[in-house]
Amino acid sequence: MVFRSEEMCLAQLFLQSGSEYDCISELGELGLVEFRDLNPSVSSFQRRFVSEIKRCEEMERILGYLLREIQKANIAVPEEDESPLAPPPRQVLEIMEQLQRLEMELSEVAKNKEKLRRNLLELTEYTHMLKITRTFIHSRSRHEALGPQYEEFPTMETDSVSGCTGMQRLGAKLGFVSGLIQRVKVEAFERMLWRVCKGYTILSYAEVDENLADLDTGEISKSVVFLISFWGDQIGQKVQKICDCYHCHLYPHPENDEERADVLDSLRTRIQDLNNVLHRTEEYLRQVLQKASESAYTWVVQVKKMKAIYHILNLCSFDVTNKCLIAEVWCPVSDLANLRGALEEGSRKGDATVPSFVNRIPSNDTPPTLLRTNKFTSGFQSIVEAYGVGDYREVSPAPYTIITFPFLFAVMFGDLGHGMVISLFALWMVLTEKKQNKKRSSNEIWTTFFNGRYIILMMGLFSVYTGLVYNDCFSKSLNIFGSGWSVKAMFTNQNKTLQTNALLTLDPNFSGVFSGPYPFGIDPIWNMAVNRLSFLNSYKMKMSVVIGVVHMSFGVVLSVFNHLHFRQKFNVFLLFLPELLFLLCLFGYLVFMIFYKWLAFGARDSSQAPSILIHFINMFVMQGKDITPLYPGQMGLQIFLVIIAMLSVPVLLLGKPLYLYWLYRGGKGLRRRRGYERVRRVSEDDNSTAPSYEDDEEEGVDEVTNREFDFADVLLHQSIHTIEYCLGCISNTASYLRLWALSLAHARKFSTNNQFTLSFLCSNATLC
Amino acid sequence: MLVREGAMQNFNVDHGYLEGLVRGMKAGILTQADYHNLAQCDTLEDMKLHLQSTDYGKLLSSSEEDLSVSLVDSKLRENLVTEFSCLRSNALPPLSTFLDYITYGYMIDNVVMLITGALKQRDVAELLPRCHPLGGFDQMAAVGIARTPTELYSAILVDTPLAPFFQDAVSDSNLDEMEAEILRNKLYKAYLESFHSFCKKMSGATGDIMCPVLEFEADRRAFIITVNSFGTDLSGADRSSLYPACGKLYPDGLRLLALAEDHEQVKAVASCYTDYKAIFEDPEPGSEFKSFEDRFFEQEVKLNILAFLQQFHFGVFYSYIKLKEQESRNIVWIAECVTQRQKSKIHNYIPIIQ
């Protein structure tokens, strides 16, 4: 982890045409530079490498199709550990060709398979229809067979004897339409049929026992077989249309039973054949997909990289001779050598006659912030970035976060046992990280945990430490060194008091009761004490404020490094000093009082110990003559401190704007003089290439004043900063009390938990 | 008033999710900048590239066929239908009824298209894909069977939600093209009136928002029927039976429109109404010519945008569908111009969000 963000420089890359692709590929693998868009005015589809990008997109489309098919066939795509390099341009066409061939083949096979499947379904439906309509016919013929027995229907017999019914004599003949329809549509179908044909049809239907897949959508649903008998062509046409409209699947109805049996037979053999063919097709499809799946991962990565390279090339501009591409990049100064190496490597790979090269160019733009991280620090860096990314070369707060963040967590979480559990969990994640990394879990919650594994580990370890300090292990105390308290000394021979009283007060003033502090952390005897909570609360509350003030002052002190680095010494006096004074005079003094009270009052005079809170409030209202001072001269010191703190506020508010204004207006004469000096100096060291920055302070001031100066703007910014800082000091101090509150909550919650579980177990035991 | 407030309080319980959804989708409607970029394109491929950066995303790039204007059109339509069916399947009453009402308009168009198609002896299978999928219904393919409106009603459409709109349209005259057009207008009249009264009954802001939109729609139809009837043998009395009676023109304006015999007289009627005056006014010299249909569209877009200014009402759903439709028309127009190299006309689209 570094103190500041990396030093950057603007560089121009001259990429010789022919090798530019390899160069960018090489740079991409290293991840060294950030490219700037040199043609922002050109819209995305008018750029130079649009056709290449389109080709990549086409390949992505095919790959997407391929992957979908592979997934459908339940074939796993093997992933490689190393991500493959971007393919050289001449290999691209090869991949493209391969992909297109695969797509053709696949779609062909898939189409065939679809056709076969459809065919098979149709045949199955047909068989079902035949089987079921036979029952219709038979039930009807049974009726007819019964017919002669009824006296009411003698005419039927005579009609069939005469060879034709009245309708048939008119030339209309009996027609049948049979087929399948979805179960849900039957009612509407029947109604429409009735309405349109005015009852000149007979519809009989029965449900198919099996669930059949739909021909078009493949959805599995219940179907119904129907048979419509009608007279006349007119009605026949209408029936046909209605069947079309309800998406019925119609099949020819056999004339008689023999034909039906024949058709059923032939259907059976055809279904068998189809099943065979379908099986073989599927086998073949699987083989093709299996082969494709082996290189699918490589292709996906390669195409992605290729697309990225062309996107980068689109950011570059062409020079006048069209011989080379010019790219502008931000690059860390320390990596310039690597950059050169990468370009050389790229030119070598691209077989360019002229090597590509780097040219550093001066720039006034603020460079991007680069903070290098490793797997340990990246988690902490991302916590910092959640609040904001620092400016270029600003002091990075991330290194300190590595300690403060887990520590503040542990202050709240302090419990040896729980800390152990957390650290073991984190340790497991850290130890198995290689395996986990490979798995690439898509579970969002898990990845959050996994990415923060080092943070969790640190939090766990710190919790173990604070747990030891609090002497808390699963909300119970550990008595490692033996308690420093003993009640024995108080009751040498008065056994009665010991036996009759449940609660005993240990008086440290009694010699022998308190033999000395516990070597580390809090004495385990407090775990049994009734006033344990009030003791711990007071201790943790004070500790929170102390930690908070130290933490805040540390942050303010860090800002000095920024002021000095950016050569703005006036900021040290006009920002840093008043800020620090304000913080220390008020809250630093509070910390002082806490320590003073701890040191000044012992066990003997503890009853006279004052409340710090009252003293602190009195300090603000400047009263308190009626209470005894902590130490001589307290009133005077307090008034002095309050006045200093109050005075630092206007300095903070007005100091910087007024100083800048003065520089802008009155500093002109001054600057002219310095300008003259500078001219002289430049002429003196003419041979030095870059203008040196050793010119202290005023250089920065010059920069500030050279810009347009807007007094109101600066004042507004400064007043916002002032208000934020002063209110922040007060509210943050209060917020640090949360450390105590959460620590209390954590401890209480688990101790009650323990009680409940224990009492529950006990009651169970007694019941048994 | 109590009822209205109650409707507001409980609106989010049933419809809050969908309203949020539709407002989010509205945020994806193309802006002026997007249109500007689209209008600069030279090929459909460029347009595809541009649409990728909008909410349409990969809509066009996922197809394997070559891009054509009709493919763009069908993809856009598909997109709209997907969005609508997502809304419809999550809707609770009365929002579900409201959404159904939106589809009835498309149903009417489909029925009339099928009838005219059948008259021209076209195959139903060829016609069905051309029907708007929002107005699809089961009995659609059987429409061609009917010979007269009565038969159409009693045999086929009686089961569909369109049945109530047929009350005035039942007649025994043979269906020819003119009759089909009249049928469409009669159905539309009944539909608009029914929708209007449904919205009026709705509590809360739905009525306040939807009524002006539907009144505008009714008046637009009245104007267009009048203008289109010039030169045909449709008499004034026949015409007046086709005017939807729920607009701002009702009743005086409609009476005057029924008497109108040329464009000038229509203009005179329109000039009595501030909303429609501008639409029929002669274009100012120097400004580009716009047909009055385009101006109606512009006005419609304006009205529909207004719906989004208020919360807790159903108007947003209607408006979103209409705006999205207009957007599809715009994109298709631009695509047409791009393919036919008519760069000069490319700016005749109707911007939705400035």
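What is the range A:181-272 by shape, rounded, prolate or oblate, if you read a ≥ b ≥ c off the alpha carbon gyration tensor as root eigenvalues and call it rounded for a/c under 1.5, prolate for a/b larger than b/c, and oblate otherwise? Cα axes put the range A:181-272 in the oblate bin. Pairs of Cα atoms in chain A fall into 20 Å distance bins, from 0 up to the last occupied one, in shares of 10, 24, 23, 21, 15, 6, 1 percent.
For the range B:273-354, what is the convex hull volume of the alpha-carbon atoms per residue, in Å³?
On the way: hull volume 9.0 nm³, N = 82.
Convex hull of Cα atoms, per residue: 110 Å³.
Summarising the label geometry, the points placed 7 Å from Cα in the beta-carbon direction at A:Lys72 and A:Ser221 lie 2.1 nm from one another.
Label point of B:Gln40 set 7 angstrom out along Cα-Cβ; within the range A:306-348, amide nitrogens under 17 Å from it belong to A:314-316.
Where does the range A:437-588 land on Rg(C-alpha)/(2.2 N^0.38 Å)? Kindly include the intermediate steps, with their values, before the conclusion.
Numbers: Rg = 24.7 Å, N = 152, 2.2 N^0.38 = 14.8 Å.
It is 1.66.
Rounded, prolate or oblate: which fits the range A:246-323, taking a ≥ b ≥ c as square roots of the Cα gyration tensor eigenvalues, rounded meaning a/c under 1.5, else prolate when a/b beats b/c? Prolate.
Skip the ligands, DNA and RNA, and give the accessible area per residue of the range A:383-441 with a 1.4 Å probe, whole Å². Could the numbers behind the result be given before it?
Working: 3280 Å² over 59 residues.
Accessible area per residue, the range A:383-441: 56 Å².
If R₀ is 51 angstrom, what is the calculated FRET efficiency for the pair B:Thr82 and A:Lys198, using the beta carbon separation as r and rounding to 0.05? Don't jump to the answer; show the numbers that get you there.
Values: r = 41 Å, r/R0 = 0.80.
So the FRET efficiency works out to roughly 0.80.
As an exercise, use a Förster radius of 22 Å and the Cβ-Cβ distance of A:Glu433 and A:Glu79 to find the FRET efficiency, rounded to the nearest 0.05. So the FRET efficiency works out to roughly 0.85. Mean silhouette area of the range A:379-500, derived from the convex hull of its C-alpha atoms and averaged over all directions, reads 12.8 nm². For peptide A:237-247, the mean count of partner chain Cβ atoms within 10 Å of a residue's Cβ comes to 4. The range A:1-128: percent of C-alpha pairs farther apart than 17 Å? Here the tail beyond 17 Å accounts for 77 percent of pairs. Between 0 and 90 degrees, the angle of helix A:667-684 with respect to the longest Cα principal axis of chain A falls at about 80 degrees. Think of it as helices only: each DSSP H run of n ≥ 4 in chain B is worth -39500 (n - 2.57), and spread over all residues that comes to -19500 deg cm²/dmol at 222 nm. For chain B, the calculated P(r) over all alpha carbon pairs, in 20 Å bins from 0 to the bin holding the longest distance, is 26, 60, 14 percent. Surface analysis of chain B yields an accessible area of 46 Å² per residue, using protein heavy atoms and a 1.4 Å probe. A straight chain from A:Leu424 to A:Thr298 at 0.36 nm per residue would run longer than the Cα-Cα distance by 41.7 nm.
For the range B:243-335, GluC sites (Glu not before Pro) meeting the loop criterion (DSSP other than H, G, I, E, B) and having at most 15 other Cβ atoms within 10 Å: B:Glu261, B:Glu281, B:Glu288. Mind checking the angle between helix A:711-767 and chain A's longest principal axis? C-alpha axes, 0 to 90 degrees, to the nearest 10. Relative to chain A, helix A:711-767 is tipped by roughly 70 degrees.
Look at the stretch A:56-65: the mean tally of other chain Cβ atoms within 10 Å of its residues' Cβ atoms is 2. The B-A contact accounts for approximately 1800 Å² of buried accessible area, totalled over both chains at a 1.4 Å probe radius. The mean count of C-beta atoms from other chains within 10 Å of the C-beta of residues in B:50-58, rounded to a whole number, is 1. With both labels modelled 7 Å from their Cα along Cα-to-Cβ, the B:Thr150 to A:Asn451 distance reads 7.3 nm.
Scanning chain B for DSSP H helices at least 18 Å long along the axis (C-alpha atoms) with a Kyte-Doolittle mean no lower than -0.5 picks out B:2-26, B:69-90, B:95-119, B:205-229, B:292-306, B:315-340.
Tell me, what % of the accessible area of the protein assembly as shown is carbon and sulfur with a 1.4 angstrom probe? Mind dumping the intermediate values first?
Numbers: 34580 of 61240 Å².
Roughly 56 percent of what the probe reaches on the protein assembly as shown is carbon or sulfur.
Modelled this way, with points 7 Å down the Cα-to-C-beta line, the labels at A:Leu506 and A:Phe616 are 2.9 nm from one another. Legend: calculated FRET efficiency, A:Leu599 to A:Phe491, from the Cβ-Cβ distance at R0 = 41 Å, rounded to 0.05, equals 0.85.
Full extension from B:Thr232 to B:Ser197: what is 0.36 nm times the residue separation minus their Cα-Cα distance, to one decimal in nm?
On the way: separation 35, 0.36 × 35 = 12.60 nm, distance 3.21 nm.
Result for the pair: 9.4 nm of gain on full extension.
The values are calculated or read from the model by the stated rules, or taken from the named source; none is laboratory data. Note that the coordinates shown come from a computational prediction; the quantities given were computed from them, not determined experimentally. Reconstructed Cβ throughout: ideal geometry from the backbone, glycine too, with neighbour counts over all protein chains shown. Surface areas here come from the heavy atoms of the whole protein model, side chains and all, with no ligands, DNA or RNA. Shrake-Rupley method; radii C 1.70, N 1.55, O 1.52, S 1.80 Å.
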